[in-house]
Amino acid sequence: MPMKLYYTANSPFARKLRIFVREAQLIDRIEEIKVVTRKPDNPLLHHGPTGRVPALLLADGTLLIESAIICQYLSAFSSLRLRPASASAQAQDMALDGLGLELMDSLSLRAREQLYRDPEERSASMRDYEAARCQRCYDYLETRLPAIHPDQPLSLGAISLAAAMATAEQALLAEDWRPQHPALARWYDDVARRPSLTETAYPGW
């Protein structure tokens with residue numbers, strides 16, 4: 001019985017997992033199930049209390065949540081190394097991984113504000129704060145991008161960054177990051193051509 005990975009169409013955290021299972025060559029062991037979570041009959045509530053994605057359901061009924069935890073669990077099933085070998089390079093990749101997750105969080109906060117709050121309920125101060133946080137991340141990344149090797153899997157840090165930048169490309173956010181960050185734009189355009197990215201593309205809100 002395959003493991004079941006539950007995801008929503010536009011969740012960057014779930015997309016990170018979907019990219020990961022392809023880069024780790026684990027897709028044949030996992031059944032991907034798209035769900036809608038913001039409704040009373042959310043199927044994930046049959047397996048755990050949070051109802052959130054990403055969620056990995058194991059054969060014994062255990063439900064794993066949070067992308068970092070699921071990646072750690074699934075890494076044991078892959079023969080491929082998705083972290084660099086040396087301790088210093090691993091630390092740098094973990095730092096990049098954390099930065100990608102923070103970007104996803106910041107972008108998702110603003111997207112949810114647009115999608116689920118009426119205009120009069122939206123927080124301009126929150127939007128401006130999160131936009132500034134993203135801008136700092138883009139500026140930082142412009143000179144600290146990981147190398148991409150076409151014949152090797154992406155590192156976990158690169159996977160997180162790719163999922164984050166795919167979210168920044170969403171029209172809903174109108175994130176104008178490209179003109180001031182040409183190296184980051186080139187990096188993302190290169191990585192976006194990989195099958196793990198094209199097969200998991202967002203349908204758009």
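The values are calculated or read from the model by the stated rules, or taken from the named source; none is laboratory data. The model shown is predicted, which means the values in this text are computed figures rather than measured ones. Every residue, glycine as well, gets a Cβ built from its backbone with ideal geometry; the counts of neighbours run over all protein chains shown. For accessibility, only protein heavy atoms count, side chains too; no ligands or nucleic acids. Shrake-Rupley method; radii C 1.70, N 1.55, O 1.52, S 1.80 Å.
Looking only at region 27-63, filter to residues that are farther than 12 Å from residue 4 by Cβ and in contact with a helix residue (DSSP H, G or I) (Cβ under 6 Å, 6 or more places away or on another chain); which one of those is surrounded by the most Cβ atoms within 10 Å (Cβ to Cβ)?
51
Take the residues of region 136-157 that are assigned to a helix (DSSP H, G or I) and touching a residue at least 12 places away in the same chain (Cβ under 8 Å): which is most open to solvent (accessible area, probe 1.4 Å)? Spell out how you get there, then give the answer.
First, the residues of region 136-157 that are assigned to a helix (DSSP H, G or I): 136-141, 156-157.
Checking which are touching a residue at least 12 places away in the same chain (Cβ under 8 Å) leaves us with 137-141, 156-157.
Working: 137: 16, 138: 3, 139: 84, 140: 113, 141: 1, 156: 16, 157: 0 Å².
Ranking the qualifying residues of region 136-157, first place goes to 140.
What pairs can you find where one residue is in region 39-68 and over 20 Å from residue 19 (Cα atoms), the other is of a type in the set (Ser, Thr, Tyr) and in a loop (DSSP other than H, G, I, E, B), and their Cβ atoms are less than 8 Å apart, with a gap of 6+ or different chains?
Once the first residue is over 20 Å from residue 19 (Cα atoms) and sits in region 39-68, its partners that are of a type in the set (Ser, Thr, Tyr) and in a loop (DSSP other than H, G, I, E, B) give 44/37; 44/50; 51/37.
Name the pairs whose Cβ atoms lie under 8 Å apart, with the first residue in region 188-205 and touching a residue at least 12 places away in the same chain (Cβ under 8 Å), the second among the charged types (D, E, K, R) and in a loop (DSSP other than H, G, I, E, B), and 6 or more positions between them or separate chains?
Hits for this filter: 188/169.
Which pairs have Cβ atoms under 8 Å, sit 6 or more apart or on different chains, and link a residue in region 86-110 that is touching a residue at least 24 places away in the same chain (Cβ under 8 Å) to one that is surrounded by 15 or more Cβ atoms within 10 Å (Cβ to Cβ) and of a type in the set (Asp, Glu)?
Every condition considered, the pairs that remain are 106/130; 107/130; 107/175; 110/130.
Just to be sure I understand, how many residues within region 48-82 are among the hydrophobic types (A, V, I, L, M, F, W, C) and either in contact with a His (Cβ under 9 Å, 6 or more places away or on another chain) or not in a loop (DSSP other than H, G, I, E, B) (or both)? Steps first, answer last, please.
Just the residues of region 48-82 that are among the hydrophobic types (A, V, I, L, M, F, W, C), to begin with: 53, 55-59, 63-65, 68-71, 74, 76-77, 80, 82.
If we keep only those that are either in contact with a His (Cβ under 9 Å, 6 or more places away or on another chain) or not in a loop (DSSP other than H, G, I, E, B) (or both) as well, we get 55-57, 63-65, 68-71, 74.
Going through region 48-82 one residue at a time, the tally reaches 11.
Criterion first (acidic (Asp, Glu), open to solvent by less than 60 Å² (accessible area, probe 1.4 Å) and in contact with a Pro (Cβ under 8 Å, 6 or more places away or on another chain)) does residue 23 satisfy it?
Taking the combined requirement at face value, the residue satisfies it.
What residue, of 125, 108, 160, is part of a helix (DSSP H, G or I), of a type in the set (Gly, Ala, Ser) and open to solvent by 40 Å² or more (accessible area, probe 1.4 Å)?
The match here is 125.
Filter region 1-47 for residues that are over 19 Å from the mean Cα position of the chain (by Cα), assigned to a loop (DSSP other than H, G, I, E, B) and under 24 Å from residue 156 (Cβ atoms) and give the result.
2, the sole residue that qualifies.
Looking at region 73-98, which of the residues that are more than 16 Å from residue 153 (Cα to Cα) and of a type in the set (S, T, N, Q) is least open to solvent (accessible area, probe 1.4 Å)?
Looking at the filtered set, the residue picked out is 86.
State which residue is most open to solvent (accessible area, probe 1.4 Å) when the search covers only region 111-122 and only residues that are out of contact with any helix residue (DSSP H, G or I) (no Cβ under 7 Å at 6 or more places or on another chain) and in a helix (DSSP H, G or I).
Residue satisfying both the conditions and the ranking: 120.
Any residue at all in region 172-181 that is in contact with a helix residue (DSSP H, G or I) (Cβ under 9 Å, 6 or more places away or on another chain), under 19 Å from residue 11 (Cα atoms), surrounded by fewer than 21 Cβ atoms within 10 Å (Cβ to Cβ) and not aliphatic (A, V, I, L, M)?
Scanning region 172-181, I find at least one residue that is in contact with a helix residue (DSSP H, G or I) (Cβ under 9 Å, 6 or more places away or on another chain), under 19 Å from residue 11 (Cα atoms), surrounded by fewer than 21 Cβ atoms within 10 Å (Cβ to Cβ) and not aliphatic (A, V, I, L, M), so the answer is yes.
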